[in-house]
C-alpha cells in the first residue's frame, strides 16, 4: 500500500514538474517530504510515531530540495 502511494505521488510530481506548474526544487522537496514522512512513520513506535513522521518529513524535504540544485 505504501509503495503504491509513493508511486502515485511521484507520478503526480513528475506531471506537475514537466507541465511547468511546479518548479523542480519544489517538486523534489515535496516528494522527499512524503517519502521521508512515510519512512519515519514506519520507524516510529507509540507516542514517538508522530515525532518520527515529522522529523522524517522535514529531513526528506531538505534532502529533496538540496538534490534539486
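Where does the stretch 23-69 land on Rg(C-alpha)/(2.2 N^0.38 Å)? Before the final figure, lay out the partial values.
Numbers: Rg = 10.9 Å, N = 47, 2.2 N^0.38 = 9.5 Å.
Normalised by 2.2 N^0.38 Å, the Cα Rg of the stretch 23-69 equals 1.15.
Extending 7 Å from Cα along the Cβ direction at residue 66 and again at residue 9 yields two label points whose distance is 2.0 nm. Taking other C-beta atoms within 10 angstrom as a stand-in for reagent exposure, 50, 26 fall in the order 50, 26, fewest first.
Could you give the length gained on full extension between residue 49 and residue 26, defined as 0.36 nm per residue of separation minus the Cα-Cα distance, in nm?
Values: separation 23, 0.36 × 23 = 8.28 nm, distance 2.58 nm.
Computed gain between residue 49 and residue 26 is 5.7 nm.
None of the figures in this text is laboratory data; all of them are computed from the coordinates on show. Just so we're clear, the structure is a prediction, and the values are computed from it rather than from any experiment. No Cβ is skipped: glycine too gets one built from the backbone with ideal geometry, and neighbour counts run over all protein chains shown.
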